[in-house]
There are 2 protein chains.
Amino acid sequence: MKLVEAGTKTADVAKLADMFAAMGTEPRLRIMRLLLSAHPEGLVVGEIQDELGITGSTLSHHLEKLRHEDLVDVRREGTFMRHTVNTDSLRALLTFLYSECCGRNKAIDPELLMATGQRCKC
Amino acid sequence: MKLVEAGTKTADVAKLADMFAAMGTEPRLRIMRLLLSAHPEGLVVGEIQDELGITGSTLSHHLEKLRHEDLVDVRREGTFMRHTVNTDSLRALLTFLYSECCGRNKAIDPELLMATGQRCKC
DNA sequence: TTCATATTACGATATATATCGAAATAAAGT
DNA sequence: ACTTTATTTCGATATATATCGTAATATGAA
């Protein structure tokens, strides 16, 4: 009897784990929150640096990691590099967590989720 | 103008980042999925080991990490150690992600989440 | 108490990560 | 072309992590 199966493939788990890892550091989680709060415009590197007070080179590494896991997109604007969250990837992550926790044997009640923030508009 | 504020304190971000990090590894994410699928009974270490094929000592370290971040609870049953997911912590994580992504400027549409699994029963 | 089983701790190693300052690159303006 | 500003790369170090095999511990049974 296989306990785990559902709609998440073996390869996906590794990918999702990498995404969790990318958010699994205080500076990077702050970056994600900041970019989400600035969505959809995003921010250029210098703005992130000013806001979070991270050394340029360190910030560059963190952004590279977030880009590598497709959590963040970047486009050039002259000399600036404008970063935005990748909503598709974030949705994949959220959907995974949601279905793992609220699907099947319902470890978590979905209603309690809504309660703490958004109102469900079904 | 502060871009990030909302209902998540500074200390919380570090804690949440640690939780993400705990799930940010393929073996540990598999463990979490397995325990969720076995919820609420949970599994003893040997069962997890058989299911995932992880060396005893390595598995022990991973479980210690998950316990340390309060993602997993443990209780003794004779010589067995029965592990279960901590739904409160998981809910905190899910709620955070949900409100960051779907709250405020709504980077992600909540309805798309539901679509892939649960039906909203408001 | 002795034996068997389940799990964790120990010791060790290899790899990965976070961080920094300084140098290098890239684009834009003068 | 030169200068300024923005960002990344380089080189280096310190810390953390993942993993293993084996030894230690804890419980239950004989």
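The values are calculated or read from the model by the stated rules, or taken from the named source; none is laboratory data. Predicted model only: the values in this text are computed from it and were never measured. Cβ placement follows ideal geometry from the backbone for every residue including glycine, while neighbour counts extend to all protein chains displayed. Note: areas computed on protein heavy atoms with side chains; ligands, DNA, RNA excluded. Shrake-Rupley method; radii C 1.70, N 1.55, O 1.52, S 1.80 Å.
Summary of values
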read-out	value
Theoretical FRET efficiency, 1/(1+(r/R0)^6), r = Cβ-Cβ of A:GLN49 and B:ASP50, R0 51 Å, to 0.05	0.55
Rounded, prolate or oblate (a/c below 1.5 giving rounded, otherwise prolate when a/b exceeds b/c) for chain A by Cα gyration tensor	prolate
Ascending list, in nanometres, of distances separating the A:SER60 label from those of the other copies (7 Å, Cα toward Cβ)	4.4
GNM top mover of A:HIS62, A:HIS39, A:HIS83 - chain A, alpha-carbon springs below 10 Å	A:HIS39
Mean residue ellipticity (222 nm) of chain A, computed from DSSP H runs ≥ 4 via -39,500 (n - 2.57), nearest 500	-17500 deg cm²/dmol
Per residue accessible area in Å² of the protein assembly as shown, where ligands, DNA and RNA are left out and the probe is 1.4 Å	49 Å²
Spin-label pair A:ASP88/A:GLU111, simplified geometry with 7 Å Cα→Cβ offset, distance in nm	3.6 nm
Kirkwood estimate for the stretch A:1-61, i.e. one over the average of 1/r between Cα atoms, Å	13.7 Å
Summed buried accessible surface, chains B and A, 1.4 Å probe, nearest 100 Å²	5300 Å²
Rounded, prolate or oblate (a/c below 1.5 giving rounded, otherwise prolate when a/b exceeds b/c) for the protein assembly as shown by Cα gyration tensor	prolate
Position B:GLY46, label points 7 Å along Cα→Cβ, spacing to each other copy in nm (shortest first, one decimal)	6.4
Cα→Cβ-extended label distance, 7 Å offset, between A:ASP70 and A:GLU41, nm	2.8 nm
Sulfur and carbon atoms: percent of accessible area, the stretch A:45-99 [1.4 Å]	46 percent
Nearest-first distances (nm) between copies at A:GLU111, label 7 Å from Cα via Cβ	2.2
